[in-house]
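The structure under discussion appears below in the form of structure tokens.
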Amino acid sequence: MERFVLVDRDGVINRRMVGGYVTAWEEFQFLPGVLEGLALLARHDVSAIVISNQAGVGKGLLTPAALEIITQSFLREVHQRGGRIRGVYYCPHRPEDACDCRKPKPGLIFQAQRRHGFRLHQTYLIGDSPTDLAAAQAAGCPALLIAENSAPPASLSPPAAQNVFTSLAEAARFVIAHPLDAQPLTPAPGSP
């Protein structure tokens, strides 16, 4: 049976643009270990689903068409290297729009869950920020944190990650070694 892992984009798959947004494919840089980690997951029948805030669209810094070009380009690279991403879910809204899909709200996770049918409590979310961890907690998903120096940032307060890793490859090895299938069902607060 296929398993899934939810993965944030900026800061987990690609390098964050300091003080800005990735607005073109030429600015997109895979982080070390990402292509290796996604291929490793695929070899163990674990598919990734990208869950990402992309407020640059709502702020008019890139068009939906430009975001789609970036998305199709990185999906092609991942596929060519043996990885498998089953879906990409973006929130294009600005923080002040008060939508239900922008992390830390769990709306994107619930959209992905309805489409792909995974069990929330058996699906890790890998992120790099407090908003990722809060969205995971709100949906009932265990969270794994990517932090460059393998320690959570000082600004990170609960909800805490289950484990902290320096790369997606490290997190992928953990996901494979620690499947959640045998864990008891715990209902997600606010889950549809």
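Thr63 meets all of the listed conditions (1) of a type in the set (S, T, N, Q); (2) in contact with a helix residue (DSSP H, G or I) (Cβ under 9 Å, 6 or more places away or on another chain); (3) surrounded by 14 or more Cβ atoms within 10 Å (Cβ to Cβ) but one, namely (3). Residues in segment 2-15 that are assigned to a loop (DSSP other than H, G, I, E, B) and in contact (Cβ under 8 Å) with a residue 40 or more places away in the chain: Glu2, Asp8, Arg9, Gly11, Val12, Ile13. Within segment 73-110, the set of residues being small (Gly, Ala, Ser) and in contact (Cβ under 8 Å) with a residue 24 or more places away in the chain comprises Ser73, Gly82, Gly83, Gly87.
Can you tell me which condition Ile109 does not meet? The list is (1) assigned to a helix (DSSP H, G or I); (2) under 18 Å from Ile146 (Cα atoms); (3) under 12 Å from the mean Cα position of the chain (by Cα); (4) of a type in the set (A, V, I, L, M), and all the others hold. It fails just one condition, (2).
Return a yes/no flag: does segment 125-133 have any residue that is over 19 Å from Arg9 (Cβ atoms), modelled with pLDDT of 95 or more and out of contact with any Lys or Arg (no Cβ under 7 Å at 6 or more places or on another chain). The answer is no; no qualifying residue exists.
The values are calculated or read from the model by the stated rules, or taken from the named source; none is laboratory data. Just so it is clear, the structure is predicted and the values come from calculations on it, not from any experiment. Cβ coordinates were reconstructed from backbone atoms using ideal geometry, including for glycine residues, and neighbour counts include every protein chain displayed.
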